[in-house]
Amino acid sequence: MAGSGKSYLEGETGLWSWLTSLDHKRIGLLYFFSVAFFFLLGGIFALLIRLELFSPGALFPADMYNRFMTYHGAVMVFFVIIPGIPAILGNFFLPLQIGAKDVAFPRLNLMSWYFLMTAAVMALCTLLLGGVDTGWTFYTPYSISFKPATILMAFAVFIAGFSSILTGLNFIATVHRLRAPGMTMNRMPLFVWAIYSTAILQVLATPVLGITVLLLAMENIFNIGIFDPALGGDPVLFQHFFWFYSHPAVYIMVLPAMGVISELVTTYSRKTIFGYTAIAYSSLAIAAISFLVWGHHMFTSGQSEVAAITFSVLTMLVGVPTAIKLFNWLATLYRGSIQMTTPMLYTLGFMFIFTIGGMTGIYLATIATDIHFHDTYFVVAHFHYVMVGGTLMAIMGGAFHWLPKMVGKMYNESIARMSFVFIFIGFNVTFFPQFVLGNMGMPRRYHDYLPAFESLNKISTIGSWMIGFGFLIALYAIIQAIRSGSPAPMNPWGSKTLEWTTASPPPHENFLTTPTVTAGPYEFK
Amino acid sequence: MSSNSQHHHFAHHFESEEHEYATSKEGVWLFLVSEILMFGGLFVGYIIYQHMYPQVFHEGAMHLDWRLGALNTIVLLFSSLTMVLGVHFSQLGDRKKAVTALAITILCGAIFMCVKYIEYSHKIHEGLLPGAWYTGETHGLSNMGLYFSFYFMMTGLHGTHVLGGMCLILWVLLRANKGEFNSHYYTPVEGVGLFWHLVDLIWIFLFPLLYLVG
Ligand SMILES: [Cu+2]
C-alpha cells in the first residue's frame with residue numbers, strides 16, 4: 001500500500017473532513033485550536049482576577065470574583081494544561097517519533113477529543129446556572145451546598161477525565177506496540193518517554209478523580225453524606241481522594257513539558273543529550289513517587305504527625321529525579337554549539353522558572369515553614385512557577401520548534417523572540433512579587449486585601465498585561481508563519497529524531513516507507 | 001457459512017491481524033485497570049468508614065438478604081462461563097452456538113438486574129436510603145444512612161456496568177449473528193468478554209463486603 005505522498009493537510013478539506021478525521025496529526029491540530037481557545041478563556045479570567053487585585057477595595061462584586069477564580073483554575077487545569085502538551089504535541093509527534101503510521105486506536109483518539117469538547121460545553125453551561133464559586137479544588141463541605149452549577153461542573157470534570165484516560169491508554173498501547181523496526185524502548189526520543197510516563201499517570205490516577213467527582217455529584221443530588229460531616233461523613237476524605245489524583249495530575253502537566261525541553265536542549269546545542277537513560281527513567285521515577293505525596297496538600301487539614309512527616313519526606317524525594325533532569329540538561333548545554341533560537345530561549349526560560357518553582361516547593365514541603373506559607377500567595381506563586389512557567393514555556397518552545405513540521409512554514413525568528421521576551425519578563429513580574437506577598441501574609445483566594453499589599457499587587461497586575469501582550473505577539477507570529485512564512489525544509493534545525501526525516505508537513509501515512517532504526521535518537525557526534 | 005473464511009482487513013497502521021489483535025487486547029486491559037482504580041476509590045472509602053463505624057456497617061448489612069446476593073453471585077458466575085463459551089464459539093466461527101451463548105449471558109445479566117430491582121424496591125419501601133433520606137430503624141445510631149450510601153453507590157455503579165456490559169454483549173451478538181467472527185477476527189467478543197469478567201469480579205468483592213460483614 002504505497003501512499004500518495006500528499007500532505008495530511010491536503011486531500012480531503014472542509015470542516016467536516018477535519019471533524020471526522022482519524023489522522024493523529026489532524027486530531028492534534030483539533031486539540032491545538034480548542035486548547036488555544038480555552039487558554040484565551042482562562043487567560044481572560046486571569047486578567048480579570050489581576051484587575052480586581054490592582055488596588056484594594058472591590059471593583060467586581062466578591063461573588064463574581066470567586067467565580068473568576070474558579071473558572072480560571074478549572075479551565076486552565078482541566079482544559080488547558082492537562083490536555084495541552086500530550087493531546088496536541090503528543091498526538092502529533094509521538095507516532096512520528098517512533099516511526100508509526102498512527103496511534104494504536106485512531107477512532108478512540110477522535111472520541112477523546114469529542115469527550116473533551118462535551119466536557120467543555122458542559123463546563124461553560126454552568127455559567128448559565130449561576131456559575132461555580134468553589135475554586136477548582138471543589139473542597140467539601142462548601143461544594144455540597146446543592147447548587148446545580150456544581151453538579152454540572154462535576155460531570156464536566158468526569159467527562160474531561162474520561163478523555164484524558166482514553167488519550168493515555170492510546171499512547172501506552174502505541175508505545176508498546178507500534179514502534180518501527182529497530183526502535184527499541186532505549187532508542188525512543190525523550191519526549192516519547194515523557195509522554196509515556198504521563199500516560200501511565202493518566203490511566204492510573206484519573207479514575208480516582210472520576211469517582212471523587214461522581215461522589216461529589218451524588219452528594220449534591222442525593223445528599224448521600226459520604227463527605228458531609230452532618231451525616232457522619234468526612235470532608236477530609238474528599239481532600240485525600242482529590243489530591244490522590246491532583247498531585248499526580250501536577251506531573252501529568254509537567255512531565256510532558258520536561259520531555260519537550262529534553263528535545264529542544266539537545267537540538268539547539270547540537271549535542272547528544274547528556275544522560276539519556278537517567279532522563280528517561282527519571283520520568284518513570286517521578287511518575288511513581290507522585291502517587292505517594294498527596295498528603296503535602298493537607299498538612300493543616302488534620303492528618304497524623306507521622307503521616308505528615310512521611311508525606312513531607314516523600315515530597316522532597318521528588319526533587320531527586322527532577323534535579324537529575326535539570327543537571328543533565330545543563331550538562332548537555334555545556335560546550336554545546338548553542339543557538340539562541342526562540343525554542344532555545346523558551347528552554348532556558350523553562351529552566352530558570354522551573355528551578356525557582358522547584359526550590360520554593362521545598363519550603364512548602366517542609367512542615368514547619370508550610371504552616372506559615374500555606375494558603376498565602378506564596379503557594380499561588382509556587383504553583384504558577386512550576387505549572388505555568390514550566391508548562392507554558394515548554395509548550396511555546398515546542399510549538400515554535402515543531403511549527404515548521406506541523407504547517408510546513410517557517411516562522412519569523414525576531415517576532416517569535418519578542419513573544420518570549422514579553423512572556424518571560426511578564427511572568428516574573430507577575431508572580432515573583434507574589435512570593436513576597438505570601439511571605440508577608442497575604443492570604444490567597446480573597447477579592448480584597450490590606451492597603452499594605454498594594455504596591456506589589458500593582459506590579460503583579462502590570463506583569464499580567466505583559467504576559468497577555470506576549471501571547472498576542474506569539475499568536476501573531478504563528479498566524480504570520482502560516483500565511484506568509486517561507487516553505488519549511490524537511491529538517492530546518494538539523495534534529496536527529498524521526499519526525500524530521502519525513503516531509504514538512506508530513507504525508508497522511510507519515511512515512512512513505514516505514515523507517516528502520518539503527519541508532520539512538522540524538523547522534524550529533 | 002463458508003464466507004466466514006474471508007480475511008478481516010486490519011487497519012493500515014498494523015502489520016498483521018495478530019498485531020491488531022494483541023494491541024486491541026492491551027487497550028482493553030488498560031481500560032480495565034482504570035475501571036479497577038475507579039471502583040478502588042469506593043472500596044477504600046468503604047473500608048475507612050467500616051473501620052470508623054463498625055456498628056453502622058454491621059446493622060446495615062443485617063438489612064440485606066444474603067440469599068438474594070448469593071443468587072446473583074451464582075447468576076453472574078454462570079454468565080462468565082457462557083461468556084467464555086461465546087468467545088470460544090466466535091473464534092471457531094460457529095455462529096449458532098456463539099449467538100446462543102451470548103444470548104444466555106445477556107439473559108443472566110437481565111436476571112441479575114431483576115433481582116437488584118427487587119432488592120432496591122424493598123429497601124426504598126423500608127426507608128433504607130442513603131444519607132439524609134434514611135428513615136428506617138436507627139438502632140440508636142445517628143448515621144445509619146452512611147451504610148446505605150455505600151450500598152447504593154457501589155451496587156449502583158456496578159449495576160450501571162452490568163447494563164453497559166449487556167449492551168456491549170448485544171452489539172457483539174448482532175455482529176456474531178452476521179457471521180463476522182472467525183479465527184482470524186474475534187477481537188470485539190474477546191474485549192467485551194474481558195469487560196464482563198471484570199464486572200463479575202467486582203461483584204465477587206462486593207458480595208462479601210456488603211452482604212456478609214454482618
Ligand atoms: Cu502536590
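Name the residue from B:Met83, B:Pro208, B:Ala101 whose Cα lies farthest towards the positive end of the charge dipole of the range B:15-212, charges +1 on Cβ of Lys and Arg and -1 on Cβ of Asp and Glu.
B:Ala101
What spacing in nm lies between the two simple spin-label points modelled at B:Gln55 and B:Glu18, each 7 Å away from Cα in the Cβ direction?
Placing both labels 7 Å beyond Cα along the Cβ direction yields 6.3 nm.
Please enumerate, by chain and number, the aspartates and glutamates with C-alpha under 14 Å from the C-alpha of A:Lys6, excluding those fewer than 8 residues away in the same chain.
A:Asp23, A:Glu509
May I ask which residue of B:Val199, B:Tyr120, B:Trp133 lies farthest towards the positive end of the charge dipole of chain B, with charges of +1 (Lys, Arg) and -1 (Asp, Glu) on Cβ and the Cα centre as origin?
The one lying farthest along the dipole's positive direction is B:Tyr120.
Applying 1/(1 + (r/R0)^6) with R0 = 22 Å to the Cβ-Cβ distance of B:His122 and A:Ile221, what FRET efficiency is obtained, to the nearest 0.05?
On the way: r = 22 Å, r/R0 = 1.02.
With a Förster radius of 22 Å, E is 0.45.
Would you mind checking which residues have amide H under 5 Å from A:Val103's amide H? H placed 1.01 Å from N; only 5 or more apart, or other chain.
A:His24
Using alpha-carbon positions, what is the distance between the centroids of the range B:127-154 and the range A:399-478, in Å?
Computed from Cα coordinates, the inter-centre distance equals 51 Å.
Using modelled amide H (1.01 Å from N, peptide plane; none on Pro or chain starts), what sits under 5 Å from the amide H of A:Lys409, excluding residues fewer than 5 places away?
When sequence neighbours closer than 5 places are left aside, the close amide H contacts are A:Ala488.
Report, in debye and to the nearest 20, how large the dipole of the range B:15-212 comes out about its Cα centre when Lys and Arg carry +1 and Asp and Glu carry -1 on their Cβ.
On the way: 9 positive and 15 negative charges, 96 e Å.
So the dipole magnitude of the range B:15-212 works out to roughly 460 debye.
With Rg and the Kirkwood Rh both taken from Cα atoms, where does Rg over Rh land for the range B:51-125? All intermediate terms of the calculation are to be shown ahead of the outcome.
Details: Rg = 17.3 Å, Rh = 14.3 Å.
In the range B:51-125, Rg relative to Rh is 1.21.
How compact is the range B:15-212 by the rule of thumb for globular proteins, expressed as Cα Rg over 2.2 N^0.38 Å?
Numbers: Rg = 19.3 Å, N = 198, 2.2 N^0.38 = 16.4 Å.
Computed over Cα atoms of the range B:15-212, the ratio equals 1.18.
Counting Lys and Arg as +1 and Asp and Glu as -1, each charge on the Cβ, what is the dipole of the protein assembly as shown about the Cα centre in debye, to the nearest 20?
On the way: 33 positive and 35 negative charges, 371 e Å.
Approximately 1780 debye in magnitude.
Which residue, A:Ala58, A:Thr300, A:Ser17, has the largest displacement toward the positive end of the dipole of the range A:15-501 when charges sit on each Cβ (Lys, Arg +1; Asp, Glu -1)?
Most positive-ward Cα: A:Ser17.
Can you tell me the equivalent ellipsoid semi-axes for the range A:360-444? Use √(5λ) from the Cα gyration tensor, largest first, whole Å. Mind showing how you got there, number by number?
On the way: eigenvalues 241, 35, 10 Å².
Rounded to whole Å, the semi-axes are 35, 13, 7.
Using modelled backbone amide H atoms (1.01 Å from N, in-plane), which distant-in-sequence or interchain residues come within less than 5 Å of A:Thr376's amide H?
A:Arg444
Can you quote the Å³ per residue value for the convex hull of the Cα atoms in the range A:379-496, rounded to an integer?
Values: hull volume 12.8 nm³, N = 118.
Per residue, the Cα convex hull of the range A:379-496 comes to 108 Å³.
With r as the distance between the Cβ atoms of A:Ala58 and B:Lys25 and R0 = 45 Å, compute the FRET efficiency 1/(1 + (r/R0)^6) and round to 0.05.
On the way: r = 58 Å, r/R0 = 1.30.
It comes out at approximately 0.15.
Can you compute 3J(HN,Hα) from phi for each residue in the range A:195-201, using the Karplus curve 6.51 cos²θ - 1.76 cosθ + 1.60 with θ = phi - 60°, rounded to whole Hz and x for Gly and Pro?
So the Karplus estimates, Gly and Pro as x, are 5, 5, 4, 4, 4, 4, 4 Hz.
With charges only on Cβ, +1 for K and R and -1 for D and E, what is the dipole size of the range A:372-525 about its Cα centre, in debye, rounded to 20? Please report the intermediate quantities before stating the final value.
On the way: 9 positive and 7 negative charges, 44 e Å.
Using only the charged Cβ atoms, the result is roughly 220 debye.
Run the numbers on the range A:218-232: which residues show a drop of 30 Å² or more in accessible area, chain on its own versus all protein chains together, using a 1.4 Å probe over heavy atoms?
Residues meeting the cut-off: A:Phe222, A:Asn223, A:Ile224, A:Ile226, A:Leu231, A:Gly232.
For the range A:182-232 and the range B:26-102, write down the distance between their C-alpha centroids in whole Å.
Comparing the Cα centres of the range A:182-232 and the range B:26-102, I get a distance of 22 Å.
Could you work out what % of the accessible surface of chain A is carbon and sulfur, using a 1.4 angstrom probe and leaving DNA, RNA and ligands out of the count?
On the way: 13400 of 18740 Å².
C and S atoms contribute 71 percent here.
Could you give me D for the range A:202-282, from Stokes-Einstein at 25 °C and 0.890 mPa s, where the hydrodynamic radius is the Kirkwood radius over C-alpha pairs? Units µm² s⁻¹, please. Could the numbers behind the result be given before it?
On the way: Rh = 15.5 Å.
Taking Rh from Cα pairs, D becomes 158 µm²/s.
I'd like the Karplus ³J(HN,Hα) series for the range A:270-281: coefficients 6.51, -1.76, 1.60, θ = phi - 60°, whole numbers in Hz, and an x wherever there's a Gly or Pro.
Those phi angles translate into 6, 8, 4, 4, 7, x, 3, 4, 4, 5, 4, 6 Hz.
For the range A:214-222, what does the Karplus curve 6.51 cos²θ - 1.76 cosθ + 1.60, with θ = phi - 60°, yield as ³J(HN,Hα) per residue in whole Hz, taken in order and with x for Gly and Pro?
Karplus-based 3J(HN,Hα) across the range A:214-222 equals 5, 4, 4, 5, 4, 4, 6, 7, 10 Hz.
With respect to the cross-link table entries A:Lys101/A:Lys405; A:Lys496/B:Lys25; A:Lys325/B:Lys25, which display a Cα-Cα separation exceeding 25 Å? Write out the running numbers ahead of the final one.
Working: A:Lys101/A:Lys405 16 Å; A:Lys496/B:Lys25 33 Å; A:Lys325/B:Lys25 34 Å.
Long pairs (Cα-Cα over 25 Å): A:Lys496/B:Lys25; A:Lys325/B:Lys25.
Which FRET efficiency value, to the nearest 0.05, is calculated for B:Lys97 and A:Thr20 with the Förster distance at 30 angstrom and r the Cβ-Cβ distance?
Values: r = 37 Å, r/R0 = 1.24.
The formula returns an efficiency of 0.20 here.
Given labels modelled 7 Å from the Cα in the Cβ direction, how far is it in nm from B:His9 to A:Ala278?
It is 5.1 nm.
Total Å² of accessible surface buried at the A-B contact, 1.4 Å probe, nearest 100? If you can, show how the numbers build up before the last one.
Values: alone 20170 and 11300 Å², together 28570 Å².
Looking at A and B, the buried total is near 2900 Å².
Quick one: compute a quarter of the convex hull surface over the Cα atoms of chain A and quote it in nm². Mind dumping the intermediate values first?
Values: hull surface 93.5 nm².
Result: 23.4 nm².
Go from 0 up to the bin containing the longest alpha carbon distance in the range A:256-375, width 10 Å each, and give me the % of pairs per bin.
P(r) for the range A:256-375, in whole percents per bin: 13, 38, 27, 16, 5, 0.
State the Cα centre-to-centre distance between the range B:188-214 and the range A:280-321 in whole Å.
33 Å
Just the number please: accessible area per residue for chain B, 1.4 Å probe, all protein chains included, in Å².
Details: 9820 Å² over 214 residues.
Ligands and nucleic acids excluded, the figure is 46 Å² per residue.
The values are calculated or read from the model by the stated rules, or taken from the named source; none is laboratory data. Bear in mind that the values here come from a model prediction, so they are computed numbers and not experimental data. Note that we place each Cβ from the backbone using ideal geometry, even for glycine, and neighbour counts take in every protein chain shown. Areas reflect the complete protein model, heavy atoms only, side chains present, ligands, DNA and RNA absent. Shrake-Rupley method; radii C 1.70, N 1.55, O 1.52, S 1.80 Å.
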